[in-house]
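The values are calculated or read from the model by the stated rules, or taken from the named source; none is laboratory data. It should be emphasised that the depicted structure is a prediction, and the values quoted were computed from it without experimental measurement. Virtual Cβ from ideal backbone geometry, glycine too; neighbours counted across all protein chains shown.
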Amino acid sequence: MTATREPLDNVSLRKIMDMERQGKTRLLIVDDEEDMLRLLRRSLSADLDCEVQTASNAYQAMALLEESPFDVVLADIRMPGMDGIEFLGRIKEGFPGLSVVMMTAFGTIDIAVQAIKEGAYDFITKPFEHDKLLHLLEKAFERSRLVRENLLLHRRIEQQESLDEIVGVSPKIQKIFETIRLVSATDVTILLTGESGTGKDLAARAVHKLSHRGKGPFVAVNCPNLPENILESELFGYRKGAFTHATQDKKGLFWEARCGTIYLDEIGDISVTLQTKLLKVLQDKEIRPLGDTRSVKIDVRIIASTNQDLGAKIKNNLFREDLFYRLNVMSLHMPPLRERPEDIPVLIDHFLDRFGTEFHREPRTIPPDVMRRLMNHPWRGNVRELENVISRAVLLSPDTVIRAEDLGVGLADSGECLVTDEFKSLPYKDAKGRVLERFHQEYLTSLLSRTTGNVTKAAKECGLERQSLQQVMRRYGVKSKHFHSEDEQEAN
């Protein structure tokens, strides 16, 4: 049976670390001659100071490779059943970092060239000199060590790049990094919790990128943005004629995410009916498109997120308890920004650099007194609100030093006050207009940051009709698209 291992650049870091921890190097010898196996095992174990295991055929050897890692394989070319060349091909397919040395009593150049072409590290002809074999195996072990070190380096670089968007130095964020690294090595379902704007989507992307599915698709679904009937057909797909406008078959988002990850954002907003269908997907690992009588197997990892208290929704019969436990195999809570104020200066520097480059602005700085007030601000919209505020300040600030009034948000000092000194010398009507403008800018920025630019949700939260809220936004030049999540911006 062919081994199923991910490509070399996606090999599980945990398995590589297991090889690092095992201490002794490991050699697997494969030969159909029992006397040769006993001789090689006895002599090489002592002279190479390595752990040696043997197999009398290629099928037995493949089973041993599946069970535990080896550094080098020494295999005969002429074997009954699966010969050495076919065995070599299966090793290269399933264990691409493994060094393989071939043995042959028929030392023709054709066989040697074929073995090298198939990916063998080297070959040796029987009968061979013991010292020559030792030297060859020592070089093969060194090659495996270098491959492993190179892979570890690349994996650590990939990890850092994947986590770069989650910025912070606080213990809480460092704990998040540690958890992401751990869960990425598995395929378990994850439930991300936390307030809006805390970076749940970034955490989901980081888990995906660091996992063995990282080269596969990442499909993000914003559940509240779609009505129930449309969301169901988008998730599971449908067959032609399933409903009035179903003029052709459509593959669903679960199908598009096969061999990758599907991210169900704000899972707490879906209906109980859809929850039941999603529970079946988690249980059976299969989907049934609308209008179809057959189910389709899927290979996809599910990551879900919510900013709601699912426990309370369960008590009110608004969320299925069995679905909650299926989703909450591993939970990851993203802390609000107010609980990690030491990360605010780091985040601000990150956003200043990013938006300075994006908007082609000279480098901006923030004076210490303004930075202190930013750190004391409640940031109800969390990191997303901070990001929007810095983006606006970089775009609109008249010079390289960003002042408090450039930020478009009221900053607490010794008691927050909208009527600052700059307004007190103005005529009453002018001062009132400026204060109202600032209030609306601050209020709308915070509101739309929390709802990621979803005007319907924002209207419901603030108690205005949707049309009334849009009128206020137009009057004060606030556009919902500036607050959309990264996925929505890409879609647009």
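Of note:
- Scanning region 386-409 turns up at least one residue that is at pLDDT below 75 and in the same structural domain as Arg364 (by TED's automatic domain parsing).
- Residue within region 288-303 that is in a helix (DSSP H, G or I), in contact (Cβ under 8 Å) with a residue 12 or more places away in the chain, assigned by TED's automatic domain parsing to the domain that holds Phe324 and crowded, with 21+ Cβ neighbours inside 10 Å present: no
- Residues that are closer than 22 Å to Glu385 by Cα and part of a loop (DSSP other than H, G, I, E, B), drawn from region 304-341: Asn307, Gln308, Asp309, Met334, Pro335, Pro336, Arg340
- Residue in region 175-191 that is surrounded by fewer than 19 Cβ atoms within 10 Å (Cβ to Cβ), modelled with pLDDT of 90 or more, touching a helix residue (DSSP H, G or I) at 6+ places or on another chain (Cβ under 8 Å) and in a loop (DSSP other than H, G, I, E, B) present: yes
Residues checked against (1) at pLDDT 90 or above; (2) assigned to a loop (DSSP other than H, G, I, E, B); (3) over 16 Å from Thr125 (Cβ atoms):
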position: Gln60; (1), (2), (3): yes, no, yes
position: Glu66; (1), (2), (3): no, no, yes
position: Phe87; (1), (2), (3): yes, no, yes
position: Phe106; (1), (2), (3): no, yes, no
position: Asp110; (1), (2), (3): no, no, no
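- Count - residues of region 224-249 that are more than 26 Å from Gly268 (Cα to Cα) and surrounded by 13 or more Cβ atoms within 10 Å (Cβ to Cβ): 4
- Condition check for Leu278: buried (at least 20 other Cβ atoms within 10 Å of the Cβ) and assigned to a helix (DSSP H, G or I): yes
- Checking Leu48, Leu65, Leu40 one by one, the residue that is touching a strand residue (DSSP E or B) at 6+ places or on another chain (Cβ under 6 Å) and not hydroxyl-bearing (Ser, Thr, Tyr) is Leu40 and no other.
- A search for C-beta distances below 6 Å between a residue of region 342-358 that is in a helix (DSSP H, G or I) and any residue that is hydroxyl-bearing (Ser, Thr, Tyr), counting only pairs 6+ apart in sequence or on different chains, returns Glu342/Ser170; Asp343/Ser170; Phe355/Ser391.
- Cβ-Cβ distances below 7 Å connect the following pairs, each with a first residue in region 245-268 that is in a helix (DSSP H, G or I), a second residue that is acidic (Asp, Glu) and surrounded by fewer than 20 Cβ atoms within 10 Å (Cβ to Cβ), and a separation of six or more residues or different chains: Leu253/Glu234.
- Filter result (within 25 Å of Glu195 (Cα to Cα) and in contact with a Leu (Cβ under 7 Å, 6 or more places away or on another chain)) within region 218-266: Val219, Val221, Cys223, Glu228, Leu231, Leu235, Ile262
- Unmet criterion (only one of (1) in contact with a Ser or Thr (Cβ under 6 Å, 6 or more places away or on another chain); (2) surrounded by 13 or more Cβ atoms within 10 Å (Cβ to Cβ); (3) charged (D, E, K, R)) for Arg338: (1)
- Residue in region 161-181 that is under 14 Å from Ser331 (Cα atoms), touching a residue at least 24 places away in the same chain (Cβ under 8 Å) and of a type in the set (S, T, N, Q) present: yes
- Residues in region 40-60 that are without any contact (Cβ under 8 Å) to a residue 60 or more places away in the chain and touching an Asp or Glu at 6+ places or on another chain (Cβ under 9 Å): 7 in all.
- Residue within region 441-458 that is among the acidic types (Asp, Glu), modelled with pLDDT under 90 and surrounded by 14 or more Cβ atoms within 10 Å (Cβ to Cβ) present: yes
- Against the test of being assigned by TED's automatic domain parsing to the domain that holds Leu28, more than 38 Å from the chain's Cα centre (by Cα) and either modelled with pLDDT under 85 or part of a helix (DSSP H, G or I) (or both), the options Pro127, Pro96, Pro80 yield a single qualifying residue, Pro127.
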